[in-house]
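Okay, so here's the structure we're looking at.
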Amino acid sequence: MNELEVKKIKQEIVTSQQQALSLKVIDNITYTQAGELLSAHKSLKKRIEEYFSGVDGKSGMKPKAYATWKQICADEATEIAKLEPAIKYLNSEMVKWNLEQERIRKIQEEYLRAAALKREEEDRLDAALRAEEQGDREEAEAILEEPVFVPPPIVESSTPRIAGLAMKDNWDFEVVNELIIPRNYLKIDEIKIRGVARAMKNATNIPGIKAINRTKMSGVRK
């Protein structure tokens with residue numbers, strides 16, 4: 001199809017659209033006109049498809065472009081795949097190191113908290129004993145009954161920060177018992193249901209499903 005033919009098709013699209021959208025079926029004559037316009041539209045659609053896909057569906061611009069795109073994607077995937085083992089390994093090593101350092105950091109914080117709590121308890125006991133020695137039993141009891149508060153110690157992470165990289169949570173899931181999954185988390189198999197509806201038509205008998213016949217005009221072979 002040459003440039004002149006393409007230009008002609010584009011003009012036909014505009015004209016046919018105007019004619020079709022201005023037509024209202026009110027009698028047998030306009031019904032016939034609608035049928036003729038619909039057939040013309042389907043014919044025009046086929047010509048457009050042949051222009052982009054080729055008469056054989058393989059020699060047009062779309063198949064050629066798709067084949068090129070597929071090859072580019074395949075080449076890209078091949079090169080990226082070469083990097084994946086190293087990326088996976090380094091990621092695993094860094095995550096293990098990070099988690100271990102975080103475990104150590106929390107142990108250090110807990111140790112410091114326990115030590116601070118012990119010092120606070122010893123200081124309170126000393127203060128209560130002094131008050132008791134001075135004959136102020138009420139003050140001693142008040143000191144012992146006062147809630148203990150120790151500011152939580154913070155141990156900074158020793159793991160170096162690397163520009164462009166950060167460890168983050170990545171929650172996922174695995175199915176452990178498919179039978180007890182709530183219904184609202186299940187997906188309807190539309191392809192299977194549609195297949196039953198097309199095969200059984202009005203006799204479709206699936207609980208919660210109603211078969212609907214969406215009638216449309218279709219081309220027939222002459």
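This table checks each residue for (1) at negative phi; (2) in contact with a Phe, Trp or Tyr (Cβ under 6 Å, 6 or more places away or on another chain); (3) among the charged types (D, E, K, R).
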site	(1), (2), (3)
LYS62	yes, yes, yes
CYS73	yes, no, no
GLU109	yes, no, yes
GLU121	yes, no, yes
GLN134	yes, no, no
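Residues that are at pLDDT 90 or above, within 22 Å of the chain's Cα centre (by Cα) and closer than 30 Å to GLN101 by Cβ: does the stretch 187-201 have at least one?
For the stretch 187-201, residues at pLDDT 90 or above, within 22 Å of the chain's Cα centre (by Cα) and closer than 30 Å to GLN101 by Cβ: absent.
Restricting to the stretch 84-101, name every residue that is surrounded by fewer than 10 Cβ atoms within 10 Å (Cβ to Cβ) and over 25 Å from the mean Cα position of the chain (by Cα).
ALA86
Which condition number does GLY208 fail, the rest of (1) part of a loop (DSSP other than H, G, I, E, B); (2) farther than 30 Å from ILE107 by Cβ; (3) open to solvent by 100 Å² or more (accessible area, probe 1.4 Å) being met?
With respect to (1) part of a loop (DSSP other than H, G, I, E, B); (2) farther than 30 Å from ILE107 by Cβ; (3) open to solvent by 100 Å² or more (accessible area, probe 1.4 Å), GLY208 is out only on (3).
Return the pair list, or none, for Cβ contacts closer than 8 Å from residues in the stretch 55-76 that are without any contact (Cβ under 8 Å) to a residue 12 or more places away in the chain to residues that are acidic (Asp, Glu), at least 6 apart or on different chains.
Sorted first by the residue in the stretch 55-76, then by its partner, the pairs are GLY60/GLU50.
Which members of the stretch 39-50 meet the condition of being of a type outside the set (Gly, Ala, Ser) and open to solvent by 70 Å² or more (accessible area, probe 1.4 Å)?
Going residue by residue through the stretch 39-50, those that are of a type outside the set (Gly, Ala, Ser) are 41-42, 44-50.
The answer is LYS42, LYS45, LYS46, ARG47, GLU49.
Taking the stretch 1-17, which residues are exposed (fewer than 12 other Cβ atoms within 10 Å of the Cβ) and among the acidic types (Asp, Glu)?
Within the stretch 1-17, GLU3, GLU5 qualify.
State yes or no: is LYS187 open to solvent by 100 Å² or more (accessible area, probe 1.4 Å), on the phi < 0 side of the Ramachandran plot and assigned to a loop (DSSP other than H, G, I, E, B)?
Working: open to solvent by 100 Å² or more (accessible area, probe 1.4 Å): yes; on the phi < 0 side of the Ramachandran plot: yes; assigned to a loop (DSSP other than H, G, I, E, B): yes.
Yes, satisfied.
State all residues of the stretch 18-30 that are of a type outside the set (A, V, I, L, M) and exposed (fewer than 12 other Cβ atoms within 10 Å of the Cβ); if no residue qualifies, say none.
Scanning the stretch 18-30 gives GLN18, SER22, LYS24, ASP27, ASN28.
For the stretch 137-147, what are the residues that are surrounded by 10 or more Cβ atoms within 10 Å (Cβ to Cβ) and assigned to a loop (DSSP other than H, G, I, E, B)?
GLU146
Residue by residue, here is whether (1) in a helix (DSSP H, G or I); (2) surrounded by fewer than 10 Cβ atoms within 10 Å (Cβ to Cβ); (3) at pLDDT 90 or above holds:
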residue: ARG105; (1), (2), (3): yes, no, yes
residue: GLN108; (1), (2), (3): yes, no, yes
residue: ALA131; (1), (2), (3): yes, no, no
residue: GLY135; (1), (2), (3): no, yes, no
residue: VAL155; (1), (2), (3): no, no, yes
residue: ASP169; (1), (2), (3): no, yes, no
residue: PHE173; (1), (2), (3): no, yes, yes
residue: ILE212; (1), (2), (3): no, yes, yes
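The values are calculated or read from the model by the stated rules, or taken from the named source; none is laboratory data. No experiment lies behind these values; they were computed from the predicted model shown. In this analysis, Cβ positions are derived from the backbone assuming ideal geometry, glycine residues included, and neighbour counts consider all displayed protein chains. Surface accessibility is based on the protein's heavy atoms, side chains included, excluding ligands, DNA and RNA. Shrake-Rupley method; radii C 1.70, N 1.55, O 1.52, S 1.80 Å.
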